[in-house]
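What follows is a single structure, written as structure tokens, with notes after it.
The values are calculated or read from the model by the stated rules, or taken from the named source; none is laboratory data. This structure is a prediction, so every number in the text was calculated from the model and none was measured. Note that we place each Cβ from the backbone using ideal geometry, even for glycine, and neighbour counts take in every protein chain shown. Ligands, DNA and RNA are excluded from the accessible area calculation, which covers all protein heavy atoms including side chains. Shrake-Rupley method; radii C 1.70, N 1.55, O 1.52, S 1.80 Å.
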Amino acid sequence: MHLAAEQKSADVTDWSGRIGWIVGLLLFVALLYWLMREGWKWRGTLQSDLPELPTVPDAPGAARLEMSGRYHGSTTAGQWLDRIVAHGLGTRSKAEVTLTDAGVDVVRPGASDFFIPAAQLREARLDKGIAGKVLTEGGMLIITWQHGDKLIDSGFRSDRAAGHAAWVEAVNAMSHPADAAPTHSTASSKHHPITTEGTAR
């Protein structure tokens with residue numbers, strides 16, 4: 001009986017220690033979350049001078065390219081860890097992206113939509129990551145655009161990554177028309193919308 005009582009007491013003491021450890025861990029996680037949230041708000045305050053984002057025009061024109069995938073965030077151009085959070089640009093989300101003669105329309109279920117006018121497009125390229133998200137080399141489509149006095153990189157990943165190259169070609173043709181040689185994909189897209197929703201991944 002004496003040994004059984006000692007064993008029961010030891011079990012109770014051990015269980016209390018586990019509860020304390022779990023509570024401490026939860027408090028630590030909550031503190032980290034609070035610090036991250038405050039850092040996010042502070043960054044948003046620092047970026048409060050960023051102008052409101054343009055809205056899609058009433059008649060943007062026919063689709064040149066369409067893409068379903070994910071929006072992975074925006075950063076100051078050339079600084080892939082300098083995340084921009086103002087106006088919802090820091091929120092990762094699913095995205096339906098359409099390129100027209102008017103620009104790039106980004107529709108995001110559950111997050112704020114935004115539009116990049118054609119006149120503000122600067123270039124597009126393939127890269128491996130943005131804002132803490134790293135993929136394989138060339139796995140991320142980066143569109144660089146001008147907003148106010150700030151140059152921004154926005155990162156996208158299509159569900160059909162093989163279509164990224166067509167986006168790079170089309171966006172660069174729009175942002176540097178004098179340097180772009182006419183191609184079948186860009187010339188015919190004025191009359192026949194191109195989609196990147198093929199079978200290749």
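Determine, yes or no, whether residue 125 is basic (Lys, Arg), within 12 Å of the chain's Cα centre (by Cα) and open to solvent by 20 Å² or more (accessible area, probe 1.4 Å). No; evaluated as a whole, the condition is false for this residue.
Counting the residues of the stretch 128-149 that are of a type in the set (D, E, K, R) and crowded, with 16+ Cβ neighbours inside 10 Å gives 1.
For beta carbons closer than 6 Å, sequence separation of 6+ or different chains, a first residue in the stretch 69-87 that is farther than 17 Å from residue 116 by Cα and in contact (Cβ under 8 Å) with a residue 60 or more places away in the chain and a second that is part of a loop (DSSP other than H, G, I, E, B) and of a type in the set (Lys, Arg), there are no qualifying pairs. The set of residues from the stretch 139-157 being polar (S, T, N, Q) and within 11 Å of the chain's Cα centre (by Cα) comprises just one member, 154.
Residue by residue, here is whether (1) of a type in the set (Asp, Glu); (2) in contact with a strand residue (DSSP E or B) (Cβ under 7 Å, 6 or more places away or on another chain); (3) at pLDDT below 95; (4) assigned to a helix (DSSP H, G or I) holds:
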| position | (1), (2), (3), (4) |
| --- | --- |
| 145 | no, yes, no, no |
| 152 | no, yes, no, no |
| 155 | no, yes, no, no |
| 162 | no, no, yes, yes |
| 171 | no, yes, no, yes |
| 174 | no, yes, yes, yes |
| 177 | no, no, yes, no |
| 180 | no, no, yes, no |
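Summed over the stretch 82-106, the residues that are open to solvent by 50 Å² or more (accessible area, probe 1.4 Å), in contact with a Pro (Cβ under 9 Å, 6 or more places away or on another chain) and part of a loop (DSSP other than H, G, I, E, B) give a count of 1. Select from the stretch 108-122 the residues that are open to solvent by 60 Å² or more (accessible area, probe 1.4 Å) and of a type outside the set (Lys, Arg) and write down the one among them that is modelled with the lowest pLDDT. Checked the stretch 108-122; the qualifying residue modelled with the lowest pLDDT is 110. Candidates are the residues of the stretch 107-120 that are touching a residue at least 40 places away in the same chain (Cβ under 8 Å) and either assigned to a strand (DSSP E or B) or of a type in the set (D, E, K, R) (or both); the one that is farthest from residue 57 (Cα to Cα) is 113.
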